[in-house]
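Trainee: Quick one: the structure is below, and I'll ask about it shortly.
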Amino acid sequence: MSAPFRHVAFIGLGLIAGSMALAIRRAGLAQKISGTARTLETRQTALELGLVDTVHETAAQAVQGADLVVLCVPVGAMSAVAHEIAPHLAQGAVVTDVGSVKQAVIDAVAPHLPGHVHFIPGHPLAGTEHSGPRAGFAELFENRWCILTPIEGTDPDALDRLSRLWQGVGASIDVMDAPHHDLVLAVTSHTPHLIAYTMVGVADDLRRVTDSEVIKYSAAGFRDFTRIAASDPVMWRDVFLTNKDATLEILGRFTEELFALQRAIRQGDGALLQDYFERTRAIRRGIIEAGQDTAAPDFGRAQKK
């Protein structure tokens, strides 16, 4: 497969950008990679790790001559970045992003971009609780989905080239409209993250359980909550503020379900509880069968020797 792009520019050099850069290099999907980041330390680290060929102090400098620009900044920073790079984008360049909210990104970015570029919002459903350029690894996107939410009038060739790049780094592609993406992610990612943050906060507030006990006796459920709650606070702050309607809708549904379970426990309704848990267990089996997680003991965690 021929390289879909010649020069890829990353605005932001954290986990996703670092992993994309390594995967692009491994697969030979571009000839040159440039980038920029907010701090000098991050820029120097990205250069040291070989994530980029050139690193720049500003986004305007980083996008010079690029035929693919990937916005890897928090959703709340998208508008300012788009405004900065707009006058410097090459004719026919593709601009995409990796944000986990899509309608807000379209609203923030599209008004700033000139008519001679192609804007195709995207969201790779991959990541870890770690952040920064050193957290990146080329295999991050393998057997994962990348959702593209092209806007009306998107050039088919530009969409095909971006799709080929994501497929080249190991991802499968799905295409949907932005509002549907935001609702789906409110169910599968955003609300679960908020619940995880809440549960860890409850443990912190429950003074009858000491901090040492929370840490020492963390069972798998609470341990997984803490892993999720360790994610980038700025990114998740922006997710909830920009996907407010969908998240609040799903939180309302969650609250109704929680009240129903609370009532079943209070009334000793074991049949309802068992039926509910059987149905939710089937969803877990479906995730494993789809290859999106492992059925290995302890969720595939490496065991201590």
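The values are calculated or read from the model by the stated rules, or taken from the named source; none is laboratory data. Bear in mind that the values here come from a model prediction, so they are computed numbers and not experimental data. All Cβ positions, even for glycine, are placed from backbone atoms using ideal geometry, and neighbour counts span all protein chains on display.
Trainee: Can you tell me which residue in region 250-292 is farthest from Ser172 (Cα to Cα), limited to those that are exposed (fewer than 12 other Cβ atoms within 10 Å of the Cβ) and of a type in the set (Ser, Thr, Tyr)?
Mentor: It comes out as Thr255.
Trainee: If you don't mind, another one. Are any of the residues in region 8-19 over 15 Å from Thr96 (Cα atoms) and surrounded by fewer than 22 Cβ atoms within 10 Å (Cβ to Cβ)?
Mentor: No; the residues of region 8-19 include none that is over 15 Å from Thr96 (Cα atoms) and surrounded by fewer than 22 Cβ atoms within 10 Å (Cβ to Cβ).
Trainee: Scan Val63, Val73, Val109 and give me the residue that is touching a residue at least 60 places away in the same chain (Cβ under 8 Å), in the same structural domain as Ala135 (by TED's automatic domain parsing) and surrounded by 23 or more Cβ atoms within 10 Å (Cβ to Cβ).
Mentor: Answer to the selection: Val73.
Trainee: Scan region 175-191 residue by residue and report those that are surrounded by 15 or more Cβ atoms within 10 Å (Cβ to Cβ) and of a type outside the set (A, V, I, L, M, F, W, C).
Mentor: Result: His181, Asp182, Ser189, His190, Thr191.
Trainee: Leu185 - would you say it is touching a strand residue (DSSP E or B) at 6+ places or on another chain (Cβ under 9 Å), assigned by TED's automatic domain parsing to the domain that holds Val73, assigned to a helix (DSSP H, G or I) and not basic (Lys, Arg)?
Mentor: Judged against the criteria, Leu185 is not a match.
Trainee: Please list, ordered by residue number, the strands (runs of 3 or more DSSP E) wholly in region 1-86 having 2 or more residues that are within 21 Å of the chain's Cα centre (by Cα).
Mentor: Passing ranges, in order: 7-11, 32-36, 68-71.
Trainee: Moving to a separate point now. What pairs come up if the first residue lies in region 136-154 and is assigned by TED's automatic domain parsing to the domain that holds Ala171, the second is among the charged types (D, E, K, R) and surrounded by fewer than 18 Cβ atoms within 10 Å (Cβ to Cβ), and their beta carbons are under 6 Å apart, counting only those six or more places apart or on different chains?
Mentor: Qualifying pairs under 6 Å: Ala138/Arg26; Trp145/Asp174; Ile147/Asp174.
Trainee: Give region 230-257 a look and list any residue that's in a helix (DSSP H, G or I) and farther than 20 Å from Val184 by Cα, or say none.
Mentor: Hits for region 230-257 are Pro233, Val234.
Trainee: Given the structure, is Leu162 at pLDDT below 95, among the hydrophobic types (A, V, I, L, M, F, W, C), assigned to a helix (DSSP H, G or I) and crowded, with 18+ Cβ neighbours inside 10 Å?
Mentor: no
Trainee: Turning to a different aspect of this structure: For region 90-106, does any single residue satisfy the condition of being buried (at least 20 other Cβ atoms within 10 Å of the Cβ), at pLDDT below 95 and either touching a Leu at 6+ places or on another chain (Cβ under 7 Å) or not hydrophobic (A, V, I, L, M, F, W, C) (or both)?
Mentor: Yes, that holds for at least one residue.
Trainee: Is it the case, given these coordinates, that Leu51 is buried (at least 17 other Cβ atoms within 10 Å of the Cβ), at negative phi and hydrophobic (A, V, I, L, M, F, W, C)?
Mentor: The answer is yes for Leu51.
Trainee: So, one more: What pairs come out if I take residues in region 225-238 that are within 15 Å of Ile195 (Cα to Cα) and β-branched (Val, Ile, Thr) and pair them with residues that are modelled with pLDDT of 75 or more and surrounded by 14 or more Cβ atoms within 10 Å (Cβ to Cβ) whose C-beta lies under 6 Å away, six or more apart or interchain?
Mentor: The qualifying pairs are Thr226/Val200; Ile228/His193; Ile228/Ala196.
Trainee: Further question on the same structure: Can you give me the number of residues within region 76-89 that are at pLDDT 95 or above and either not aliphatic (A, V, I, L, M) or not assigned by TED's automatic domain parsing to the domain that holds Gln31 (or both)?
Mentor: Matching residues across region 76-89 total 5.
Trainee: Restricting attention to region 206-222, does a residue exist that is at pLDDT below 85 and within 23 Å of the chain's Cα centre (by Cα)?
Mentor: Checked region 206-222: at least one residue is at pLDDT below 85 and within 23 Å of the chain's Cα centre (by Cα).
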